[in-house]
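Worksheet: one structure, shown below.
The values are calculated or read from the model by the stated rules, or taken from the named source; none is laboratory data. These numbers come from a predicted model, not from an experiment. Counting neighbours? That spans all protein chains shown, and the Cβs are built from the backbone with ideal geometry, glycine included. These area figures cover heavy atoms from the full protein model, side chains too; ligands, DNA and RNA do not enter into them. Shrake-Rupley method; radii C 1.70, N 1.55, O 1.52, S 1.80 Å.
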Amino acid sequence: MDIQWYPGHMAKTRKLVRQNLKLVDVVIELLDARIPDSSKNPDIDRILEDKPRLVALNKADLADPDQNKRWIDFFRRRNLPAVAVDALRGTGVARLVAGAEKLAEPEIAKYVAKGRRPRMARCMVVGVPNVGKSMLINRLAGKNTVRTANRPGVTRGEQWIKLSGKLELLDTPGILWPKFADPQVAFKLAVTGAIKETIYQPEEVAAQLVGWLEEHDPGLLAAKYKLTAAVTGDSGALMQSVGAARGFYLSGGRVDVKKTAVLIIKDFREGGLGKHTLDPLG
């Protein structure tokens with residue numbers, strides 16, 4: 001499975017982030033709590049350099065709670081403040097705002113020291129596609145300020161959003177990196193929704209997900225899809241059983257594996273298969 005996706009607008013986004021760094025006090029790096037390592041753009045550290053940064057693990061409600069704590073500790077030990085958030089429901093957002101305001105204080109102080117009036121803290125939100133940047137900003141603003149959709153590539157240009165509190169946010173389009181050297185990273189980005197669905201085969205992604213779930217939570221799929229008989233063997237056999245149990249058949253009595261794959265991926269993304277972290281620590 002070789003998944004690669006780097007549309008032209010992402011190269012423009014890289015330039016956009018660099019150009020706007022001088023305009024902001026703090027960068028909020030939004031990661032997917034289910035894949036904190038795989039959703040971390042390896043180019044971001046080099047792009048942001050020494051700009052104050054706050055890490056936010058979004059979709060924390062879909063990840064293993066114990067792993068959320070471990071990852072937050074991991075980042076904090078590396079002098080990166082981190083919080084777990086659920087932008088959809090607002091959990092952890094207040095801590096995120098407080099953390100961003102605190103990081104911005106030194107820059108605001110410098111601004112005031114020059115004889116200027118105090119201003120709002122300016123933050124840039126960066127992250128891979130579909131990680132929830134626009135949803136987070138809408139949650140902070142209390143209204144649908146930014147277009148959102150449950151698919152990558154919706155935000156296509158930078159947008160400044162003034163909030164009622166002490167923050168002003170710059171939303172940027174999702175940014176990936178030119179080539180995924182590790183196929184496991186590509187798989188995890190695909191299964192969590194960061195890669196456009198027309199780029200990969202859902203059957204391949206679902207089969208790998210099934211294998212991961214069987215290794216880390218054996219019996220989960222059998223219970224979820226009410227498989228009447230114990231299923232042993234490879235991921236393909238399990239997917240066949242799930243499709244049959246759901247009545248997904250093609251003409252000739254063959255199981256519709258693609259439809260089954262789409263179902264399994266959808267259930268995983270929505271939390272229907274439990275809380276899992278595909279990048280576990282320890």
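Numbers below:
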quantity: Residue, modelled with the lowest pLDDT, within segment 112-145, restricted to residues that are crowded, with 17+ Cβ neighbours inside 10 Å and more than 17 Å from the chain's Cα centre (by Cα); calculated: 145
quantity: Qualifying residue in segment 75-84 (condition: closer than 21 Å to residue 163 by Cα, charged (D, E, K, R), assigned to a helix (DSSP H, G or I) and modelled with pLDDT of 90 or more); calculated: no
quantity: Residue 273 being crowded, with 18+ Cβ neighbours inside 10 Å and without any contact (Cβ under 8 Å) to a residue 24 or more places away in the chain; calculated: no
quantity: Yes/no for residue 95 being surrounded by fewer than 23 Cβ atoms within 10 Å (Cβ to Cβ), assigned to a loop (DSSP other than H, G, I, E, B) and at pLDDT below 95; calculated: no
quantity: Conditions (1) within 30 Å of residue 217 (Cα to Cα); (2) surrounded by 14 or more Cβ atoms within 10 Å (Cβ to Cβ); (3) free of Cβ contacts under 8 Å to residues at least 12 places away in the same chain: number failed by residue 66; calculated: (2)
quantity: Criterion violated by residue 101 - all others in (1) surrounded by 21 or more Cβ atoms within 10 Å (Cβ to Cβ); (2) under 26 Å from residue 23 (Cβ atoms); (3) of a type in the set (D, E, K, R) satisfied; calculated: (1)
quantity: Complete set of residues in segment 154-198 that are at pLDDT 80 or above, open to solvent by less than 30 Å² (accessible area, probe 1.4 Å) and assigned to a loop (DSSP other than H, G, I, E, B); calculated: 193, 194, 195
quantity: In segment 15-42, residue farthest from residue 80 (Cα to Cα) [restricted to those that are of a type in the set (D, E, K, R) and open to solvent by less than 20 Å² (accessible area, probe 1.4 Å)]; calculated: 34
quantity: Subset of segment 236-269 [surrounded by fewer than 19 Cβ atoms within 10 Å (Cβ to Cβ) and touching a residue at least 24 places away in the same chain (Cβ under 8 Å)]; calculated: 236, 258, 262, 267, 269
quantity: Within segment 50-63, considering residues that are aliphatic (A, V, I, L, M) and open to solvent by less than 20 Å² (accessible area, probe 1.4 Å), the one nearest to residue 282 (Cα to Cα); calculated: 63
